[in-house]
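Reading through the structure tokens given below for one structure.
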Amino acid sequence: MEQWLRYFNADMRSQNRNVLIFLDNAACHPKIELSNTKILMLPPNTTSITPMDQGVIYTFKSYYRKFLLQLLLRKMDNCSSAHQFAKSVSVLDAVNCIALACDNVKAECVQKCFRKAGFLSNEGTNTNGIDLPENALKDINEECIIANVNVEDFITFDKEEEKEVENDDNDDSETNDEPKIKDFKTAISYLEELQKLSATISNSNLLELTTKARECAERCNVTEFLALFIILLFPEHTYC
């Protein structure tokens, strides 16, 4: 956490910005002095009334569950048993879902939650209704109905953070499947096919994303090729 704070402070210093960060009294939150970042520790036992608990966490979890559900649906056909299905999501998958969920939490949502918690003036601002992630809820609502699961329960099932989790020493290994794509040349060929599919089904958003991904892969491929070429051309030099 301290390393991240120092990195964040360096970023703020480069932008000539001075910021205030509120942190709760978790043991991992250090009390350090920084040049452009002031850290203010919240009083104990106030987590439930902080801006994060006014809608930010709920919005984040809604999107996270949405992306997790989409991931599970993609993996379902490749699993032959419930056990294999339960172990199909890797830590990397979870991190990717977290990143996508964070990107979907809008700045306006965070600002409204800060106002609702009393950190900012409410004058001229409607804080009665925090913008909930309607798209995320709509996408998972139908699946929850089919599974006879309440949407609210699905999103907040881990609300109780102090539940004991039984550790199974014989069955806690992380899935380490070898990637099917091992070089940029193969990746580019896959992206080309995805571009064709995007054009065929007239999905402009997917076409734009795959085009950008292909351009990035091609640049990386050229960089890798040039590095190898230089090494072959000047074998007497040492390169890092």
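Computed from phi, the 3J(HN,Hα) profile of the range 17-29 under the Karplus parametrisation 6.51, -1.76, 1.60 (θ = phi - 60°) reads 10, 10, 10, 10, 10, 9, 10, 7, 8, 5, 4, 7, 8 Hz, with x in place of Gly and Pro.
Just to verify a number: FRET efficiency for LEU72 and ALA27, C-beta to C-beta distance, R0 = 22 Å, to 0.05? Rounded to the nearest 0.05, the efficiency is 0.05. Distance between the pseudo-spin-label points of GLU108 and ASN205 (7 Å out from Cα toward the beta carbon): 1.7 nm.
Defining a contact as two alpha carbons under 8 Å apart and six or more residues distant in sequence, what relative contact order in percent does the range 1-132 show?
Contact order relative to length: 23 percent.
Converting phi to 3J(HN,Hα) with the Karplus coefficients 6.51, -1.76 and 1.60 and the offset θ = phi - 60°, the range 213-220 yields 5, 5, 4, 5, 5, 5, 5, 5 Hz in sequence order, with x at every glycine or proline. Amide H to amide H distances under 5 Å link ASN25 with LEU42, where only residues 5 or more positions off or on other chains count and H is placed in the peptide plane.
Please state the charge dipole magnitude for the range 37-92, taken about the Cα centre, from unit charges on C-beta atoms (+1 on K and R, -1 on D and E), reported in debye and rounded to the nearest 20.
Numbers: 7 positive and 2 negative charges, 25 e Å.
Around 120 debye, computed over the range 37-92.
When you work out D = kT/(6 pi eta Rh) for the range 1-85 at 37 °C and 0.692 mPa s, using the Kirkwood radius from C-alpha pairs as Rh and the Stokes-Einstein form, the result is 202 µm²/s. Converting phi to 3J(HN,Hα) with the Karplus coefficients 6.51, -1.76 and 1.60 and the offset θ = phi - 60°, the range 102-119 yields 4, 5, 8, 7, 6, 4, 4, 5, 5, 4, 5, 5, 5, 5, 4, 7, x, 7 Hz in sequence order, with x at every glycine or proline.
Laboratory data are not the source of any read-out in this text; all were calculated from the coordinates shown. Everything quoted here is computed from the prediction, not taken from an experiment. Neighbour counts run over all protein chains shown; Cβ positions are idealised from the backbone, glycine included.
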